[in-house]
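I have placed the structure first, in the form of structure tokens, so that the comments after it can refer back to it.
The values are calculated or read from the model by the stated rules, or taken from the named source; none is laboratory data. Note that this is a predicted model, so its numbers are computed, not measured. FYI the Cβ positions are ideal-geometry reconstructions off the backbone, even for glycines, and counts take in every protein chain you see. For the accessible areas, the whole protein counts, side chains as well, though only heavy atoms, and no ligand, DNA or RNA atoms are used. Shrake-Rupley method; radii C 1.70, N 1.55, O 1.52, S 1.80 Å.
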Amino acid sequence: MNQTISAKVPFSTANVGKCMCPKCSVQSKSKCVGGKLAKIKEALAKSPMNREEIPGIYCSTGMATCSDIDAKQPCICGSCAVFSEYNLGTAKPAGYYCRDGMAK
Ligand code: SF4
Ligand code: SF4
């Protein structure tokens, strides 16, 4: 399957490992995200990974494929190592990638 990935942030297992999205309250009540997290080991073992199976790293892969997220909760991307490593504070959008799409 073709996947469009941000030119700024590589969709790598290393970056998925640093991503804070699984700890974010925007996603914490999502049953859809919970289901994906329950199968995350298998998803991470695939090469290439399938963005629909990884509920995070939206700065790289774009908007969440789960629709039951709560974007009224605070985005915690600012506390993420990927965010500082790729200087995402100067990119657009600068957070809420799950809602607004990948960093450009
Ligand atoms: S900046 Fe946000 S979306 Fe990107 S890896 Fe970090 S927590 Fe995940
Ligand atoms: S992109 Fe930001 S708001 Fe969305 S789940 Fe990740 S940390 Fe939370």
1/(1 + (r/R0)^6) with r = Cβ-Cβ of residue 99 and residue 39, R0 = 22 Å, i.e. FRET efficiency to nearest 0.05, evaluates to 0.40
Isolated Cys in the chain by the 4.7 Å beta carbon test? 19, 21, 24, 59, 75, 77, 80, 98
Scoring only Lys, Arg, Asp and Glu (+1, +1, -1, -1) among other residues with Cβ under 14 Å from the Cβ of residue 59 yields +4
Residue by residue, what Karplus-based ³J(HN,Hα) values in Hz, rounded to whole numbers, does segment 55-61 have, using 6.51, -1.76 and 1.60 with θ = phi - 60° and x for Gly and Pro? x, x, 6, 5, 4, 8, 9
Expressed in nm to one decimal, what extension gain is obtained for the pair residue 68 and residue 46 from 0.36 nm per residue of sequence separation less their Cα-Cα distance? 5.4 nm
Within segment 78-99, name every residue whose backbone N is under 13 Å away from a label modeled 7 Å from Cα of residue 32 along the Cβ vector. 98-99
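Any idea what the relative contact order of the chain is, in percent, if you count C-alpha pairs under 8 Å spaced at least 6 apart?
That works out to 36 percent.
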Calculate one ³J(HN,Hα) per residue across segment 7-21 by plugging θ = phi - 60° into the Karplus curve 6.51 cos²θ - 1.76 cosθ + 1.60, and present them in order as whole Hz with x for glycine and proline. 5, 7, 10, x, 8, 10, 4, 4, 6, 4, x, 8, 4, 8, 3
May I ask you to give the percent of accessible area on the chain that is carbon plus sulfur, with a probe radius of 1.4 Å? 55
Taking 2.2 N^0.38 Å as the expected size of a compact globular protein, what ratio does the Cα radius of gyration of segment 13-100 give against it, to two decimals? 1.01
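Quick one: accessible area per residue over segment 13-100, 1.4 Å probe, rounded to a whole number of Å²?
Per-residue value: 56 Å².
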Can you give me the C-alpha center-to-center distance between segment 54-100 and segment 34-53, rounded to a whole angstrom? 18
Quick check on segment 1-40: what does the Kirkwood estimate of hydrodynamic radius come out to from the alpha carbon pairs, in Å? 11.8
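Students often get this wrong, so check it: of 18/41; 8/92; 41/104, which have C-alpha atoms separated by over 19 Å?
41/104
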